[in-house]
Amino acid sequence: MDGRPGRSGVVDMVLAAFFFSVMSLLVKLVGVRLPSQEVVFVRAAVSLVVAYGLVRRARPGNWGRRKGLLVVRGLMGFAALSCFFYALIHLPLADATVIQYTNPVWTAWLSWWLLDEGLSRREAALSAAGLLGVVLIAQPSAIFGGAPRLEPLAVAVGVTGALFSAAAYVSVRRLGRTEHPVIIVFYFTLVTVPASIPGLLMHAVAPTLGELALLAGVGVTAVLGQLSLTRGLQREPAGRATAISYVQVVFAATWGVLFFREYPDALSLAGAALVLLSVLVLARRRRDPSARLQRPEESTADAV
């Protein structure tokens, strides 16, 4: 909390959700013609400038103690961002956003596997419920028959992006013991900019003036969303802040209807509700020591 009476992080968290949803909308609009790696590059380049300024302002005293792990975290963040932007372009906005929100499901399992953090039976059941929600959203033909509701490759890429996001979060948990937060953010952008260049060069498309404006909007809204998120997390308990952040799905669904006439069916709505409920409870979970799933092997956290 920031200590100032009367201040609440609720508005900041809603603003963060709004800005991130607008960023997603702009990514989908500009992705009609431009390749996703071009959008990733611009988003990361704008954030890199901001992150560098934050490092200079914070003066953490070093540029990272565990540079190898910082680079690995940056690569996982790059992969997650690339997959998310691809999913945004090829899936309905709300569906791509909900699939990305499954990352707490993967984080719970990766933390159990890599960080030796306990996982209760209830948490395991919630994780399974979240994945069932994704199945209801995608409605694969192997289960439901007929043509799948969503493009299977785009769904797979979206889920992969959520998995990479979870891996990035787990690495941040490790890095948080030795690194200043702004250093972690800085390395994410520092790695993402050059990592996106090969894909950018292979499929480069010269943007029009309108597309340049959209690209600039992607970078600006990403920064505004991150700043609002930071303020919100400083002023609100983590559980409440997480719950508020899910309003981004509502914004995404609204933009999908207004701009692309994307109307979800009953099954996809049920799937989205199942995903959001499961990840919300997971985010606020209270561990029960008597209900732990024991790991079959030693912790592999040092390999992160």
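The values are calculated or read from the model by the stated rules, or taken from the named source; none is laboratory data. What you see is a predicted model; the values in this text were computed from it and never measured. Note that each Cβ is placed from the backbone with ideal geometry, even for glycine, and that neighbours are counted across all protein chains shown.
For region 99-122, residues that are over 19 Å from Val249 (Cα atoms) and buried (at least 23 other Cβ atoms within 10 Å of the Cβ) total 2. I'd like to know if region 147-158 contains one or more residues that are without any contact (Cβ under 8 Å) to a residue 24 or more places away in the chain, touching a helix residue (DSSP H, G or I) at 6+ places or on another chain (Cβ under 7 Å) and more than 30 Å from Arg56 (Cα to Cα). Yes: region 147-158 contains one or more residues that are without any contact (Cβ under 8 Å) to a residue 24 or more places away in the chain, touching a helix residue (DSSP H, G or I) at 6+ places or on another chain (Cβ under 7 Å) and more than 30 Å from Arg56 (Cα to Cα).
So that you can scan it fast, the table gives a plain yes or no per residue for (1) surrounded by 19 or more Cβ atoms within 10 Å (Cβ to Cβ); (2) among the hydroxyl-bearing types (Ser, Thr, Tyr); (3) over 18 Å from the mean Cα position of the chain (by Cα):
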{"site": "Ser127", "(1), (2), (3)": "yes, yes, no"}
{"site": "Gly130", "(1), (2), (3)": "yes, no, no"}
{"site": "Gln139", "(1), (2), (3)": "yes, no, yes"}
{"site": "Gly145", "(1), (2), (3)": "no, no, yes"}
{"site": "Leu153", "(1), (2), (3)": "no, no, yes"}
{"site": "Ala156", "(1), (2), (3)": "no, no, no"}
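Screening Ala156, Ala168, Ala204, Ala195 for residues that are in a helix (DSSP H, G or I) and either on the phi > 0 side of the Ramachandran plot or modelled with pLDDT under 95 (or both) leaves exactly one candidate, Ala168.
Residue-wise test of (1) hydroxyl-bearing (Ser, Thr, Tyr); (2) touching a residue at least 60 places away in the same chain (Cβ under 8 Å); (3) over 27 Å from Leu34 (Cα atoms).
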residue: Leu163; (1), (2), (3): no, yes, no
residue: Ala166; (1), (2), (3): no, yes, yes
residue: Tyr169; (1), (2), (3): yes, yes, yes
residue: Arg174; (1), (2), (3): no, yes, yes
residue: Glu179; (1), (2), (3): no, yes, yes
residue: Val185; (1), (2), (3): no, yes, no
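Would you be able to say whether some residue in region 125-133 is touching a residue at least 12 places away in the same chain (Cβ under 8 Å), more than 29 Å from Arg73 (Cβ to Cβ) and out of contact with any Lys or Arg (no Cβ under 8 Å at 6 or more places or on another chain)?
Within region 125-133, one or more residues are touching a residue at least 12 places away in the same chain (Cβ under 8 Å), more than 29 Å from Arg73 (Cβ to Cβ) and out of contact with any Lys or Arg (no Cβ under 8 Å at 6 or more places or on another chain).
Residue pairs whose Cβ atoms lie under 9 Å apart, sitting 6 or more positions apart in sequence or on different chains, and linking a residue in region 231-251 that is farther than 18 Å from Gln100 by Cβ and assigned to a helix (DSSP H, G or I) to a partner that is at pLDDT 70 or above and hydroxyl-bearing (Ser, Thr, Tyr), are Gly232/Ser245. Taking region 220-278, which residues are over 29 Å from Val135 (Cβ atoms) and among the acidic types (Asp, Glu)? If the condition is that a residue be over 29 Å from Val135 (Cβ atoms) and among the acidic types (Asp, Glu), then Glu236 is the only one that fits. Within region 73-92, does at least one residue satisfy the condition of being touching a helix residue (DSSP H, G or I) at 6+ places or on another chain (Cβ under 9 Å) and at pLDDT below 90? Within region 73-92 (the criterion being touching a helix residue (DSSP H, G or I) at 6+ places or on another chain (Cβ under 9 Å) and at pLDDT below 90), the answer is no, since none of the residues qualifies. Evaluating Val46 against the criteria (1) more than 21 Å from Val170 (Cβ to Cβ); (2) buried (at least 23 other Cβ atoms within 10 Å of the Cβ) leaves one unmet condition, (2).
Once region 252-277 is narrowed to residues that are in contact (Cβ under 8 Å) with a residue 24 or more places away in the chain and in a loop (DSSP other than H, G, I, E, B), the residue that is surrounded by the fewest Cβ atoms within 10 Å (Cβ to Cβ) is Asp265.
Could you check region 158-172 and list, in sequence order, the residues that are of a type outside the set (Gly, Ala, Ser) and closer than 13 Å to Thr102 by Cβ? Val159, Thr160, Leu163, Phe164, Tyr169 - these are the residues of region 158-172 that are of a type outside the set (Gly, Ala, Ser) and closer than 13 Å to Thr102 by Cβ.
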